[in-house]
Amino acid sequence: MQISRRLFLAGLAFVASSIGALFFSQRRRYTRPATPETINRRTLDAVVDAIVPADQNAGAIEAGVSEKILNLIQVQSNLQQGYARGLMLLDRHAISNSGRPLDRLDLNERTDVLLSIDHKSAAEREASVFFARVRKDVLRFYYASETGQHALGYKPPAEGYPDYAEPPPRTRGDSS
């Protein structure tokens, strides 16, 4: 049986492309560990701003919450992969719902996208769990900041609580 030159070249191309596809698919399986530098900062800022946007008071972005989250991720390296994956899932959800990444949406569109996570797929359930985590972190850092305390009208004592060691004063109903 004699193989034509055309059939030989087609078979050779098929084998070469199969080996190439196998090689590249193996390379794609390895993902570099997430670091604060590889976290999508624009998406993080978009999520942070959607959770506590600026209004008559400064929002979470102005309070430096994104930087505080990045510092937390740097200190607690176990959060790096979760934040990188969670931000990616939220971005994918935004693209599937609106056709644009989260950081390219205005505040109302971002809010709608984040509220539309409906838990139907495993990715949406994972995105929902991540969103609950990032929401907790944003609120914790915002209200612990001077900006957040000012927004609430809270004025912390300048030097702690000087009357801490003293018992509280008696009330009218106190009979002892």
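The values are calculated or read from the model by the stated rules, or taken from the named source; none is laboratory data. Everything numeric in this text was worked out from a predicted model, so none of it was measured. Here the Cβ positions follow ideal geometry from the backbone for every residue, glycine too, while neighbour counts run over all protein chains shown.
Observations on the model:
- Among the helices (runs of 4 or more DSSP H) confined to the stretch 1-88, there are none with at least 2 residues that are surrounded by 14 or more Cβ atoms within 10 Å (Cβ to Cβ), at pLDDT below 90 and within 15 Å of the chain's Cα centre (by Cα).
- If you go through the stretch 98-131 and keep only what is modelled with pLDDT under 90, surrounded by fewer than 15 Cβ atoms within 10 Å (Cβ to Cβ) and either among the acidic types (Asp, Glu) or over 24 Å from ASP55 (Cα atoms) (or both), you end up with ASP118, HIS119, LYS120, SER121, ALA122, ARG125.
- In the stretch 50-71, the residues that are under 16 Å from LEU152 (Cβ atoms) and charged (D, E, K, R) form no Cβ pair under 9 Å with any partner that is modelled with pLDDT of 95 or more and part of a helix (DSSP H, G or I), whether six or more places apart or across chains.
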